[in-house]
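See below for the structure under consideration.
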Amino acid sequence: MLTHSLLPGQILFTAADLSADPPHPLLDGAVDQLRAVVAWAREYLCEPHPELGRKGPVCPYAQGSLDRDTFYLAVHRGGSVDPVELDTVLAGYRDWFAGLEPLAGPAAQFKTILLTLPDLPADVARETVDRTQARLKPAYTEQGLMLGEFHDGPPDKGGLWNTEFRPLHSPVPMLVVRHMVASDLPFLVDDPVTCAAYLRYFAHSAPGALRQQIAAAAARHGLTVPEAPAGVPALRRLLSQEVG
């Protein structure tokens, strides 16, 4: 268990903390729901699914996060949520995320914070989670972060390989903070703000298989592609060759 040094009401739990007896007061009445989240991660996110449309687990990063104890659970209690208050709570966890180990290297991509909302009625939770994610997503991507939405609706976002599949179904409503990775491109290309953020972080480091998609997205939004660092082939050249 980790407690924020400046915001003592903000606490991060790991799976091991859910076995404490008695449970932490913040978890009173919600331990079973958080245990369900961990079980969902292990039994759903970390496993293949027949409707996924590709081989491998539903989430490529969940197992690595659990194995490294960087799968952090946060809890926001209450049967109703004020949007301004929720934004502030999320901002605290977002800023804390930046200082949590690991800070760099391949292991950093497995770090995640799941802010659960265990007390919200299902209909309120669905609307709250979806609206919050849509409102805050652009600001998070500008910091190289993704804000994911999960609830029992499930969210209407289809899978990348099977658009009929709804992969964001979860047993407890939550908003999830993690690092942006190169494979997030399809989630970011439809909006100029999020697309621009992706270009800043991955225009020249994404796998070659994504370069044409990146070039097309930049052209569609009229975005300027950042100059390539020395020794990296310029995406601007690809843009002029493949698009237009």
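The values are calculated or read from the model by the stated rules, or taken from the named source; none is laboratory data. Values in this document were obtained by computation on a predicted structure and should not be read as measured data. For neighbour counting, all protein chains shown are included, and Cβ atoms are generated from backbone atoms with ideal geometry for every residue, glycine included. With ligands, DNA and RNA removed, areas are computed over all heavy atoms of the protein, side chains included. Shrake-Rupley method; radii C 1.70, N 1.55, O 1.52, S 1.80 Å.
Selection of first residues in the stretch 45-69 that are more than 15 Å from Ala15 (Cα to Cα) and of second residues that are loosely packed, with under 14 Cβ neighbours inside 10 Å, restricted to Cβ pairs under 6 Å at least 6 apart or on distinct chains, gives the following pairs, ordered by first then second residue: Gly53/Trp161; Arg54/Trp161. Scanning for something free of Cβ contacts under 8 Å to residues at least 12 places away in the same chain and open to solvent by 20 Å² or more (accessible area, probe 1.4 Å), does the stretch 114-122 turn up at least one residue? Within the stretch 114-122, none of the residues are free of Cβ contacts under 8 Å to residues at least 12 places away in the same chain and open to solvent by 20 Å² or more (accessible area, probe 1.4 Å). Where helices (runs of 4 or more DSSP H) fall wholly inside the stretch 125-244, the ranges with 3 or more residues that are over 18 Å from the mean Cα position of the chain (by Cα) and at pLDDT below 90 are 211-221, 235-242.
Please go through the stretch 1-45 and pick out each residue that is assigned to a loop (DSSP other than H, G, I, E, B), open to solvent by less than 90 Å² (accessible area, probe 1.4 Å) and under 19 Å from Tyr72 (Cβ atoms).
Step one: list which residues in the stretch 1-45 are assigned to a loop (DSSP other than H, G, I, E, B), which gives 1, 4-10, 14, 20-24, 28-30.
Remaining after also requiring open to solvent by less than 90 Å² (accessible area, probe 1.4 Å): 4, 7, 9-10, 14, 20, 23-24, 29-30.
If the condition is that a residue be assigned to a loop (DSSP other than H, G, I, E, B), open to solvent by less than 90 Å² (accessible area, probe 1.4 Å) and under 19 Å from Tyr72 (Cβ atoms), then His4, Leu7, Gly9, Gln10, Thr14, Ala20, Pro23, His24, Ala30 are the ones that fit.
Among the residues making up the stretch 46-63, those that are under 16 Å from Asn162 (Cβ atoms) and either in contact with a helix residue (DSSP H, G or I) (Cβ under 7 Å, 6 or more places away or on another chain) or not in a loop (DSSP other than H, G, I, E, B) (or both) are Pro57, Val58, Cys59. Scanning the stretch 80-95 turns up one or more residues that are buried (at least 16 other Cβ atoms within 10 Å of the Cβ), under 21 Å from His179 (Cβ atoms) and hydrophobic (A, V, I, L, M, F, W, C).
Taking the condition surrounded by 21 or more Cβ atoms within 10 Å (Cβ to Cβ), without any contact (Cβ under 8 Å) to a residue 40 or more places away in the chain and in contact with a Ser or Thr (Cβ under 8 Å, 6 or more places away or on another chain), does His151 pass? Full working, then the answer.
Details: surrounded by 21 or more Cβ atoms within 10 Å (Cβ to Cβ): yes; without any contact (Cβ under 8 Å) to a residue 40 or more places away in the chain: yes; in contact with a Ser or Thr (Cβ under 8 Å, 6 or more places away or on another chain): yes.
Spelling it out, His151 is indeed surrounded by 21 or more Cβ atoms within 10 Å (Cβ to Cβ), without any contact (Cβ under 8 Å) to a residue 40 or more places away in the chain and in contact with a Ser or Thr (Cβ under 8 Å, 6 or more places away or on another chain).
Out of everything in the stretch 96-113 that is open to solvent by 20 Å² or more (accessible area, probe 1.4 Å) and in a helix (DSSP H, G or I), what residue ends up being nearest to Ala30 (Cα to Cα)?
Filtering the stretch 96-113 down to residues open to solvent by 20 Å² or more (accessible area, probe 1.4 Å) leaves 96, 98-99, 101-107, 109-110.
Narrowing further to those that are in a helix (DSSP H, G or I): 96, 106-107, 109-110.
Values: Trp96: 23, Pro106: 33, Ala107: 30, Gln109: 28, Phe110: 25 Å.
Looking at residues that are open to solvent by 20 Å² or more (accessible area, probe 1.4 Å) and in a helix (DSSP H, G or I), I get Trp96.
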